[in-house]
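These notes are about the structure you will find just below.
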Amino acid sequence: MNTKISMDRSLRVLGGMVLIALTYFVGGVESIGKTAVIIVGLYGFITGTINFCPLGYFIMKEKSGQRKKVSAENAIQARDVRELEFFSGMTEKEIEKILAYARFKEYPRDNVVIAEGKVSKVLSIIYSGQFKIVKSISANDQKIITTLSDGETYGEMSFFDHYPPPVSVVSTDSAKVLEFDEMGFNSLIQENPQLGIKILTHLMHVTNSRIRALNEQITSLGNWVLQSRQQSRPSHA
């Protein structure tokens, strides 16, 4: 068993190095394709290297044990969340695996859980309650973009792209959420690849839906501005 695991790690490191090298030595590769290959190569190289390092391995195991202990103390079971949108299409066993890496947190009303412009590395699933997504228009003016409630997620954009969030997330009432930090989420994906694909696919659909809604808002705003300009023009006899 140990030999098999060691070979798997060796192949990850070697395969990652080969993929990265190919992007530099093979011509005619589109930039997008090259970027994708580099990302896959780096992922294999880094995860393989981490698993080779005994210290890194024991740290990850310790963190995993701590997360599972926290999850048990939270007393949130699969049956409590299976009706939430995020977990639709998942088995009870898959939900339990996700909960093992999540922290259960409560927020009072009007709490800024994510501040616009301040880096946040937390991905959250709303267990109960409501949050508003707010964008600063000026120093003293803000616009509510949308509201989120049970089963929806927030924080995914800055969680993945490492940029400061372009909006703030504020609780509108007492709320409870399941939160993932970067290490916990990465461990979940590494240890459960098929489940990871389900989660990432769901988050991709969520992001696409929000981009589509934002485009509709921009189009609506543009039409309103155009109509206002046309109405303000003086009429000529």
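If the limit is 29 Å between Cα atoms, which of LYS93/LYS143; LYS93/LYS135; LYS105/LYS135; LYS93/LYS118 go over it?
LYS93/LYS143; LYS93/LYS135; LYS93/LYS118, as the Cα separations exceed 29 Å there.
Here the range 95-134 was treated as a single set of alpha-carbon atoms; its pair distances binned every 10 Å from 0 give 21, 52, 25, 2 percent. In this simple spin-label approximation, SER88 and ASP110 carry label points 7 Å from Cα along the Cα→Cβ vector, and these lie 3.4 nm apart. Working note: Karplus 6.51/-1.76/1.60 with θ = phi - 60° gives the range 83-89 the couplings 7, 6, 3, 4, 9, 5, x Hz, where Gly and Pro are set to x. For VAL206 and HIS162, the difference between the fully extended length at 0.36 nm per residue and the C-alpha to C-alpha distance is 14.0 nm. Placing R0 at 45 angstrom, the Cβ-Cβ distance between ASP80 and GLU216 gives a FRET efficiency of 0.85 after rounding to 0.05.
Laboratory data are not the source of any read-out in this text; all were calculated from the coordinates shown. Since we're looking at a predicted model, the values are computed, not measured. So basically every Cβ, Gly included, is an ideal-geometry build from the backbone, and we count neighbours across all protein chains shown.
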